[in-house]
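Q: Have a look at this one before I ask anything.
The values are calculated or read from the model by the stated rules, or taken from the named source; none is laboratory data. All of these numbers come straight from a predicted model, not from anything done at the bench. Ideal geometry is used to build each Cβ from the backbone, glycine not excepted, and the neighbour counts take in all protein chains shown. To get the accessible areas, we keep the full protein, side chains included, count just its heavy atoms, and leave off ligands, DNA and RNA. Shrake-Rupley method; radii C 1.70, N 1.55, O 1.52, S 1.80 Å.
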Amino acid sequence: MDLSYTPEEEEFRARLREWLGKALPALPPKPSPDDWPARRAYDMGWQRMLYDAGYADVHWDASPTVRLIFLEETEKAGAPYVGAGFVGLLHAGPTIAAEGTAEQRARWLPPILRGEEVWCQGFSEPDAGSDLASLRTRAWRDGDEYVVRGSKIWTSHAEVADWCELLVRTDAAAPKHRGISWLAMPMSAAGVTVRPLRTLAGSAEFAEVFLDDVRVPVGNRVGDENDGWRVTMVTLSFERGTAFVGEVVACHRVLRELAAEARRNGRWDDAGVRRRLGRLNAEFRALWRLTQWNVSEAEASGGVPGVGGSVFKLRYSHARQELYDAAAEVLGADALDLDRAWVLDRLSSLSYTIAAGTSQIQQNIVAERILGLPKGRG
Ligand SMILES: Cc1cc2nc3c(=O)[nH]c(=O)nc-3n(C[C@H](O)[C@H](O)[C@H](O)COP(=O)(O)OP(=O)(O)OC[C@H]3O[C@@H](n4cnc5c(N)ncnc54)[C@H](O)[C@@H]3O)c2cc1C
C-alpha cells in the first residue's frame, strides 16, 4: 500500500485548484431541490464546464489516485457533485466503456461526458432489491427489437432521464443469474410511464417506472443475451468503489461547521458533546485513510474497485447518520427548523444504509469475501 502522491499527481491537484478558483464564481445559483428540470440543467451545465476544461472523463480514464484527488479538491472547493449525472458517469458509462461495442461507446459515451444526456438505473423491482437476480421484468425478441413488460422502483432521476440502464429477464427457464440482459432503454419510448415517489425529505428523488410493451432495439443490448448479470457486476463495483468518496470530505466540512455552531450556542461546554464530535472526527479521518487504502489497492489491481468498497460503504453510511444525530444534539430546537439544510440532510442520511446495497448485504459481503465465513442462505 502506498498513500503518498507523486509530483505529477500534486501538479494535477495544483492545476485543478487553480481552475476551480476561476470556474466556481461563474456558476449560477443552485436551483431549488424540487425543481428537477432546473436541477438537471444545473448539473449538466457543471458537467459541460468540466468537459470544456478537460476534466470530464476523470471518473473513467484517470488513475484511481487522480480520481481521488479530483473528488477531494472539488468537494473542498464547494463544487457541485455529479447530481443528475450520477448514473451516466458512475454506472452506465463505465459499464458501456468496459462491455459495449465500439459503436455503442461512440453513441452513448460522448453525450454523457458533454453533459447532454442523463441516465437512470432501472434495476430494483418491488420484489427484487437485495436479491436483484430475482427480477421479473420480461423481455422477448420480436424481430430486431425486444418487447419489455414489467415495472421498476426507486429509479433515481427517472423524471429527467433520457436513457435507462435496464435489467430484464430474457430467459425465464434459466437459473436466475443466467437469464438476465442489460439494455439501454430510451425513456421517451412509447409504453414508459414514470410515477414520482416522494421521500421523507419531501422531494421526489426517485420514481416507479412502468414498462408496458416497450420496444427496445436489440442493438441496445450491452453484452451478450443472458449475460447481463456479469455486465451488472461491473456497474456495481464502480458504485461502491468511488461513488461516495467526495462525501467523506463533505462530512468533514459539516463536522467543522457543527463544532463552530457548538462554540457559538454554548453546547461546546458540554464534555459529552465535545467527546461525540471528537469521536466523529476520528471516524471520518479513518474513513479517509480507508478510502486511500482502497484506491491504492485498486491501483495495484488495474483500476477495478475491490470488496474494500463494501467495508467503506458499510462504515460510511452509519457514520453519516451518526453525524446528523450529533447535529440534532448540538442544534437542539433549531434542528427542527425546516429552513435549515441540516433537517433535510438528516432525513436523507437515513437512506444511506439502504441505497447501493443495504448494510446487511455489505455485512454479508465482508463476512464471506473478506473474513471467509460460510455463505448465508439468503
Ligand atoms: C435513495 C435511494 C436511491 C435508490 N436509487 C435506485 C436506483 O436509481 N435504481 C435502482 O434500481 N434502485 C435504487 N434504489 C433501490 C436500492 O438499491 C434498494 O432499495 C436496495 O437494494 C434494497 O432493496 P429493497 O428496498 O427491495 O429491500 P429488501 O431487499 O427487500 O430488504 C429488506 C430488508 O431485508 C434485509 N435483507 C435482504 N436480504 C438479506 C440477506 N440476504 N441477508 C441479510 N439481510 C437481508 C435488507 O438488508 C433490508 O434490511 C435506491 C434506494 C434508495 C434508498
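Q: Before we move on, is ALA92 small (Gly, Ala, Ser) and surrounded by fewer than 19 Cβ atoms within 10 Å (Cβ to Cβ)? Talk me through it step by step, then tell me what you get.
A: Working: small (Gly, Ala, Ser): yes; surrounded by fewer than 19 Cβ atoms within 10 Å (Cβ to Cβ): no.
In short, no.
Q: Could you tell me whether TRP163 is at positive phi, open to solvent by 10 Å² or more (accessible area, probe 1.4 Å) and within 14 Å of the ligand (Cβ to nearest atom)? Walk me through how you get there before you give the answer.
A: On the way: at positive phi: no; open to solvent by 10 Å² or more (accessible area, probe 1.4 Å): yes; within 14 Å of the ligand (Cβ to nearest atom): yes.
No.
This table checks each residue for (1) of a type in the set (Gly, Ala, Ser); (2) at pLDDT 95 or above.
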| residue | (1), (2) |
| --- | --- |
| LEU3 | no, no |
| PRO7 | no, yes |
| ARG13 | no, yes |
| LEU20 | no, yes |
| PRO29 | no, no |
| SER32 | yes, no |
| TRP36 | no, no |
| ALA41 | yes, yes |
| GLY45 | yes, yes |
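Q: Shifting gears a bit: Return yes or no: is ALA79 in a loop (DSSP other than H, G, I, E, B) and aliphatic (A, V, I, L, M)?
A: Values: in a loop (DSSP other than H, G, I, E, B): yes; aliphatic (A, V, I, L, M): yes.
Here the answer is yes, as ALA79 does meet what is asked.
Q: Moving to a separate point now. Look at ALA41 and say whether it is open to solvent by 50 Å² or more (accessible area, probe 1.4 Å) and farther than 30 Å from ASP224 by Cβ. Write out each step before concluding.
A: Numbers: open to solvent by 50 Å² or more (accessible area, probe 1.4 Å): yes; farther than 30 Å from ASP224 by Cβ: yes.
Against the criterion (open to solvent by 50 Å² or more (accessible area, probe 1.4 Å) and farther than 30 Å from ASP224 by Cβ), ALA41 qualifies.
Q: From LEU197, LEU255, LEU183, grab the single residue that is at pLDDT 90 or above, away from the ligand (no atom under 13 Å from the Cβ) and within 26 Å of ASP131 (Cβ to Cβ). Outline the logic, then answer.
A: On the way: LEU197 fails: away from the ligand (no atom under 13 Å from the Cβ); LEU255 fails: within 26 Å of ASP131 (Cβ to Cβ).
So the residue among LEU197, LEU255, LEU183 that is at pLDDT 90 or above, away from the ligand (no atom under 13 Å from the Cβ) and within 26 Å of ASP131 (Cβ to Cβ) is LEU183.
Q: While we're here: Kindly check whether there is at least one residue in the range 52-67 that is under 29 Å from LEU200 (Cβ atoms) and crowded, with 16+ Cβ neighbours inside 10 Å. Please lay out each step first, then the result.
A: Taking the range 52-67 and keeping what is under 29 Å from LEU200 (Cβ atoms), we get none.
No: zero hits.
Q: A further question follows. Would you be able to say whether some residue in the range 294-301 is within 19 Å of the chain's Cα centre (by Cα), within 13 Å of the ligand (Cβ to nearest atom), farther than 19 Å from ASN281 by Cβ and buried (at least 17 other Cβ atoms within 10 Å of the Cβ)? Give the steps one after another, and end with the answer.
A: Residues of the range 294-301 that are within 19 Å of the chain's Cα centre (by Cα), as a first pass: 294-295, 298.
Restricting the remaining residues to those that are within 13 Å of the ligand (Cβ to nearest atom) gives none.
No, the conditions are met nowhere in the range 294-301.
Q: Please work out which residue is nearest to ASP162 (Cα to Cα), limiting yourself to the range 182-204 and to residues that are open to solvent by 20 Å² or more (accessible area, probe 1.4 Å) and in contact (Cβ under 8 Å) with a residue 60 or more places away in the chain.
A: MET187
Q: Filter the range 322-343 down to residues that are over 20 Å from GLU283 (Cβ atoms) and in contact with a helix residue (DSSP H, G or I) (Cβ under 9 Å, 6 or more places away or on another chain) and give me whichever is surrounded by the fewest Cβ atoms within 10 Å (Cβ to Cβ).
A: Within the range 322-343, the match that is surrounded by the fewest Cβ atoms within 10 Å (Cβ to Cβ) is LEU338.
Q: Which condition number in (1) within 16 Å of the ligand (Cβ to nearest atom); (2) under 15 Å from ASP227 (Cα atoms); (3) touching a Phe, Trp or Tyr at 6+ places or on another chain (Cβ under 9 Å); (4) open to solvent by 30 Å² or more (accessible area, probe 1.4 Å) is the one that GLN121 fails?
A: (2)
Q: For the range 254-268, state whether one or more residues are open to solvent by less than 40 Å² (accessible area, probe 1.4 Å), under 22 Å from GLY357 (Cα atoms), outside the structural domain of ALA79 (by TED's automatic domain parsing) and outside any helix (DSSP H, G or I).
A: Within the range 254-268, not a single residue is open to solvent by less than 40 Å² (accessible area, probe 1.4 Å), under 22 Å from GLY357 (Cα atoms), outside the structural domain of ALA79 (by TED's automatic domain parsing) and outside any helix (DSSP H, G or I).
Q: Among the listed residues LYS76, LYS22, LYS30, identify the single one that is over 25 Å from CYS251 (Cβ atoms) and open to solvent by 70 Å² or more (accessible area, probe 1.4 Å).
A: The conditions single out LYS22.
Q: Are there any pairs, at least 6 apart or on different chains, whose C-beta atoms fall under 8 Å, with the first in the range 8-29 and farther than 19 Å from TYR51 by Cβ and the second open to solvent by 50 Å² or more (accessible area, probe 1.4 Å) and among the hydroxyl-bearing types (Ser, Thr, Tyr), and if so, which?
A: Qualifying pairs under 8 Å: ARG13/TYR5.
Q: Kindly indicate whether GLY306 is more than 14 Å from the ligand (Cβ to nearest atom), open to solvent by 40 Å² or more (accessible area, probe 1.4 Å) and not in a helix (DSSP H, G or I).
A: Yes; evaluated as a whole, the condition is true for this residue.
Q: Only residues in the range 115-128 that are within 19 Å of SER151 (Cβ to Cβ) count as the first member; pair them with residues that are open to solvent by 20 Å² or more (accessible area, probe 1.4 Å) and β-branched (Val, Ile, Thr), Cβ under 7 angstrom, at least 6 apart or cross-chain, and list the lot.
A: These pairs meet every condition: SER124/ILE153; GLU125/ILE153; PRO126/ILE153.
Q: Among ARG107, ARG136, which is the only one that is more than 19 Å from ARG178 (Cβ to Cβ), of a type in the set (D, E, K, R) and not assigned by TED's automatic domain parsing to the domain that holds GLN360? Before the answer, list the steps.
A: Working: ARG136 fails: more than 19 Å from ARG178 (Cβ to Cβ).
Of ARG107, ARG136, the one residue that is more than 19 Å from ARG178 (Cβ to Cβ), of a type in the set (D, E, K, R) and not assigned by TED's automatic domain parsing to the domain that holds GLN360 is ARG107.
Q: Separate question: Can you find even one residue in the range 127-145 that is over 20 Å from GLY219 (Cα atoms), part of a loop (DSSP other than H, G, I, E, B) and more than 11 Å from the ligand (Cβ to nearest atom)? Explain how you work it out, then say what you get.
A: Pass one, the range 127-145, residues over 20 Å from GLY219 (Cα atoms): 127-136.
Still in the running and part of a loop (DSSP other than H, G, I, E, B): 127, 129-131, 135-136.
From what is left, the residues that are more than 11 Å from the ligand (Cβ to nearest atom) are 136.
So far as the range 127-145 goes, yes, one or more of its residues are over 20 Å from GLY219 (Cα atoms), part of a loop (DSSP other than H, G, I, E, B) and more than 11 Å from the ligand (Cβ to nearest atom).
Q: Restricted to the range 363-378, and to residues that are within 9 Å of the ligand (Cβ to nearest atom) and free of Cβ contacts under 8 Å to residues at least 60 places away in the same chain, which residue is most open to solvent (accessible area, probe 1.4 Å)?
A: Taking the range 363-378 and keeping what is within 9 Å of the ligand (Cβ to nearest atom), we get 363-364, 376-378.
Of the ones still in play, those that are also free of Cβ contacts under 8 Å to residues at least 60 places away in the same chain are 363-364, 376-377.
On the way: GLN363: 101, ASN364: 80, GLY376: 50, ARG377: 242 Å².
The qualifying residue most open to solvent (accessible area, probe 1.4 Å) is ARG377.
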